[in-house]
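Beneath this line is the structure, given in structure tokens, with notes to follow.
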């Protein structure tokens with residue numbers, strides 16, 4: 001926040017309000033990223049999950065050949081889903097840091113600053129993407145070792161980065177909304193556990209939409225994770241295809257993020273009441 005407050009008023013607020021808003025947002029993100037750099041243990045522990053999914057689950061189900069995957073191996077099919085799952089599981093518990101900061105009095109200091117409430121929310125959403133991008137590097141490394149057929153083109157990789165950023169921002173902001181509502185660390189952990197499994201299994205991460213019953217398929221169509229996986233599968237995997245089209249995937253994720261930010265911005269001050 002110091003970067004934004006240190007700007008001359010004519011630059012940060014009066015003459016170029018957009019620049020001031022961006023700097024405030026980036027200052028919030030920087031503060032969260034510094035905490036991650038000083039304490040990377042959480043990041044390292046979350047890397048265990050994709051390793052287990054790819055090395056055990058993926059290897060076993062590749063041999064069964066029981067799930068139709070559109071002409072690609074099951075390991076290729078599920079790799080984007082494992083990446084999306086890693087993003088989801090890492091981001092959905094992000095809101096607990098907000099509860100910790102409220103208990104330490106840090107949230108009050110942010111709320112009395114001149115920063116817009118939406119910049120506080122967006123800053124946290126941006127900082128959460130650092131964890132997810134680290135997960136992306138790990139999944140790519142494992143996929144390379146397992147001989148997954150990956151697209152190596154620059155545009156494809158940049159598209160994957162964009163999809164990971166969108167997914168992380170969406171689910172971390174959703175997590176902030178939950179934190180603002182429940183306000184208790186114990187309740188939040190319970191809510192997080194309840195949310196992750198339905199979001200994951202009501203998506204196309206580990207099986208195609210065509211295998212789902214109609215009611216579950218309808219649920220999956222309003223699940224942001226479905227569109228993230230759909231984009232990742234097309235961009236990451238040689239021979240991978242998209243069900244909805246890349247434009248529709250990113251448009252839905254952009255809409256979901258805007259909706260989450262709007263709700264979180266409205267609820268953010270209530271975390272301290």
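Rule-based calculations on the coordinates, nothing more; no lab input. As the structure is a prediction and not an experimental result, all values here were calculated from the model. All Cβ positions, glycine included, derive from the backbone under ideal geometry; neighbour counts span all protein chains shown.
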What angle, in degrees between 0 and 90 and rounded to the nearest 10, separates the Cα long axis of helix 224-236 from the longest principal axis of the Cα atoms of the chain? 60 degrees
The chain: angle of helix 117-145 to the longest principal axis, Cα-based, in degrees nearest 10: 30 degrees
Looking at the chain as a GNM with Cα springs under 10 Å, which of 234, 172, 113 has the largest mean-square fluctuation? 113
The range 201-255-the range 89-122 distance, computed between alpha-carbon centres (Å): 30 Å
For a protection proxy built on the mean count of beta-carbon atoms within 10 angstrom, sort 252-259, 119-126, 21-28 highest first, please. 119-126, 21-28, 252-259
Using the eigenvalues of the Cα gyration tensor, what equivalent ellipsoid semi-axes result for the range 131-207 when each is taken as the square root of five times the eigenvalue, whole Å, largest first? 30, 14, 11
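Fewest first, what order do 103, 32 take by the number of other Cβ atoms within 10 Å? Present the calculation step by step, with values, prior to reporting the outcome.
On the way: 103 10, 32 19.
Listing 103, 32 from fewest to most nearby Cβ atoms yields 103, 32.
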Burial ranking of peptide ranges 184-196, 59-71 (average Cβ count within 10 Å, highest at the top): 184-196, 59-71
For a protection proxy built on the mean count of beta-carbon atoms within 10 angstrom, sort 203-216, 146-159 highest first, please. 203-216, 146-159
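At 0.36 nm per residue, and after removing the present C-alpha to C-alpha distance, how many nm does the segment from residue 19 to residue 147 gain when stretched out fully?
41.6 nm
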Tell me the angle of helix 185-201 to the major Cα principal axis of the chain, expressed in degrees between 0 and 90 and rounded to the nearest ten. 30 degrees
